[in-house]
1. When only residues in the range 52-84 that are out of contact with any Leu (no Cβ under 9 Å at 6 or more places or on another chain), surrounded by fewer than 17 Cβ atoms within 10 Å (Cβ to Cβ) and under 27 Å from residue 12 (Cβ atoms) count, which is modelled with the highest pLDDT?
2. Of the residues that sit in the range 126-154 and are of a type in the set (Gly, Ala, Ser) and farther than 30 Å from residue 111 by Cα, which one is least open to solvent (accessible area, probe 1.4 Å)?
3. Any residue in the range 181-207 that's modelled with pLDDT of 95 or more: show its pairings with residues that are of a type in the set (D, E, K, R) and assigned to a strand (DSSP E or B) at Cβ separation under 6 Å, as long as the two are six or more apart or on different chains.
4. Name the residues in the range 1-51 that are aromatic (Phe, Trp, Tyr) and open to solvent by less than 20 Å² (accessible area, probe 1.4 Å), would you?
5. What pairs come out if I take residues in the range 24-49 that are over 25 Å from residue 87 (Cα atoms) and pair them with residues that are assigned to a loop (DSSP other than H, G, I, E, B) whose C-beta lies under 6 Å away, six or more apart or interchain?
6. Is there a residue in the range 109-117 that is out of contact with any Ser or Thr (no Cβ under 7 Å at 6 or more places or on another chain), within 16 Å of residue 158 (Cβ to Cβ) and at pLDDT 90 or above?
7. Please identify the pairs in which a residue from the range 127-153 that is closer than 25 Å to residue 198 by Cβ has its Cβ atom under 7 Å from the Cβ atom of a residue that is surrounded by fewer than 16 Cβ atoms within 10 Å (Cβ to Cβ) and hydroxyl-bearing (Ser, Thr, Tyr), counting only partners at least 6 apart or on another chain.
8. Just the residues that are over 18 Å from the mean Cα position of the chain (by Cα), under 23 Å from residue 176 (Cβ atoms) and not in a strand (DSSP E or B), please, taken from the range 12-51.
Amino acid sequence: INDYSMIGVQYGAGLSQVMWNPVNTQQMALMPYNFGITFTRYGKMFGYMPYFGFQVGLFYGQEGYNLTEESQYVYDKYFYGAQKVVYDVIEVPVLSHMHIDFWKMKIMAEIGLYGGYRLNIHRIPFNGKYSDEKYAAYQDKFHETENRWGYGIKGGVGLGLVLDPVEIHIKAAYKHALVSLYEPNFASDYYYRYAYPSNIIISVGLHFQITKR
């Protein structure tokens, strides 16, 4: 039962924030969708350990941040007047997968890497109005110092219901970027600033077995 393959579709929503250095005060930002397709391959490690596999996927979703009022001076000066920023992203995760099957259920854990690209940016000013109109030019536009490519680590745990040849998976995942949102010296050549997005994603997936379980 551990040598088979699946394709699946997955939909979820997430909570997003940024790990800032220096620190900025913020709230978790709700990102209402994270949609993707996956390919999962289960197999026996070394020919006899029946708990492992791997998964690759292609996802389209959102990430970003939501600064608080206390950070107004910071986002006016450094973030083009935006209080909240939402990125549309596409990413490809490659995850190692571990599972334990019992009855018609399975417990899953996975960890690996992802690479991604930020397709679009949407900046929302504080109270709906920019403190300086020069910031409006970047409302839906990337600045040349902002990084659009990124990569990081991703992992999660989940529970699956197995109804051969269909499986329903519920997962909680966490991903953390290893590339800053912008070049560290974009504001000063002497005082570097960093911003690493992180996300918690809750998702439901419908998977179809394409080889015999």
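1. Checking each candidate, the answer is 58.
2. Restricting to residues being of a type in the set (Gly, Ala, Ser) and farther than 30 Å from residue 111 by Cα, the top hit is 136.
3. Partner pairs satisfying both residue conditions: 197/63; 199/63; 199/175; 203/171; 207/167.
4. 4, 42
5. Final answer for the pair search is 42/2; 42/4; 43/3; 44/2.
6. Applying the first criterion (out of contact with any Ser or Thr (no Cβ under 7 Å at 6 or more places or on another chain)) to the range 109-117 yields 109, 113-117.
Within this subset, residues satisfying the condition of being within 16 Å of residue 158 (Cβ to Cβ) are 109.
After this cut, where a residue has to be at pLDDT 90 or above as well, the list is 109.
For the range 109-117, residues out of contact with any Ser or Thr (no Cβ under 7 Å at 6 or more places or on another chain), within 16 Å of residue 158 (Cβ to Cβ) and at pLDDT 90 or above: present.
7. 148/117; 149/117
8. Selection gives 22, 23, 24, 25.
The values are calculated or read from the model by the stated rules, or taken from the named source; none is laboratory data. These numbers come from a predicted model, not from an experiment. Using ideal geometry, Cβ is built from the backbone for each residue, glycine included, and neighbour counts are taken over all protein chains shown. The accessibility values were calculated without ligands, DNA or RNA, using every heavy atom of the protein model including side chains. Shrake-Rupley method; radii C 1.70, N 1.55, O 1.52, S 1.80 Å.
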